[in-house]
Structure formats: C-alpha cells, structure tokens
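Take a look at the structure set out below.
The values are calculated or read from the model by the stated rules, or taken from the named source; none is laboratory data. Quick caveat, the model's predicted, so the values are computed rather than measured. All Cβ positions, even for glycine, are placed from backbone atoms using ideal geometry, and neighbour counts span all protein chains on display.
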Amino acid sequence: MNGYEKAKIIAETFSAICIGIGALLGGLGALKVLSGWSDKREAKRQKHKLKKLFPKEKLNQDFKLLRHSYAKDTNGSVIGSSNNVYICDSRTKKKHWVANEYTLTELAFNKEEVEGVKQSELDKFSDGEAVNLSALQAE
C-alpha cells in the first residue's frame, strides 16, 4: 500500500468519524428542543386544568390565596411575610404552593389578592401538588 492509499483511508475514516459526531450532536440538539417543547406543552395543559379548578370568580369561595404573615405592628400592618404563596382549596383541604409570581399571573391572579394569615391557618391544609407554569415564560 502506497502513501496515497494510506492517506485516502485516513481521510475517509476521519470523515466518517466527523459525520458521526455531527449526527450525535445534532441529535442531542433536537432532543433538547423536543424536551423544551414537551415542557411547554405540559405547562399549557396544567394551566388549562388549574384555571378550571381555580377560576378567578371562585376566589375566596372555593379557595383562597394565602401566605404566612410573620407579625403585625401596632397599626395592624404586616411587618413581614413569607414569599410562599399557596392556593388553599377549601373543597379538598389541600394547599398548593405557587412556585413564582409568573405562575400567579398566568392563573389571572395578582399579589394584592394574596391574604396574609398565621401559620396555624395554613397548617389546616395538607400539602398538595406544587403549581409551576414557568416553562411558558419562554414563549
């Protein structure tokens, strides 16, 4: 085998390896895109389900938005409170932690609708599934 034939074999092998690596990286990129798409699809499904379970017009009837208040000053104003907001369902006696303000907004609520309560009030509810729609943020 002469030098030309050896160089040709090495070049073909190198080319095949590069094509394989490219295909692998392309597949990983596609997997990442599909995973993000799947997360968004699941978040959209969850949003639809939650808006049916917790319609705004039923706020303070079937459920409340609560957070733990630490203390009140002499005027009755809250000095401190937890950032953890819960949807407390009076029908199921479960509290669902709302992961972030974006999720609260996506469900058509705002921070002003959240009521500060004592921890003992929150303790009346058992833990339910957390609520997080942040996968929709990238839309």
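Quick look at the values:
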| read-out | value |
| --- | --- |
| Positions within segment 82-100 being surrounded by fewer than 15 Cβ atoms within 10 Å (Cβ to Cβ) and on the phi < 0 side of the Ramachandran plot, in sequence order | S82, N83, N84, S90, R91, T92 |
| Segment 85-139 - residue that is part of a loop (DSSP other than H, G, I, E, B) and among the charged types (D, E, K, R) and, of those, nearest to the chain's Cα centre (by Cα) | E129 |
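Here's the yes/no breakdown for (1) assigned to a helix (DSSP H, G or I); (2) modelled with pLDDT of 80 or more:
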| residue | (1), (2) |
| --- | --- |
| I10 | yes, no |
| I19 | yes, no |
| G22 | yes, no |
| A30 | yes, no |
| L50 | yes, yes |
| K64 | no, yes |
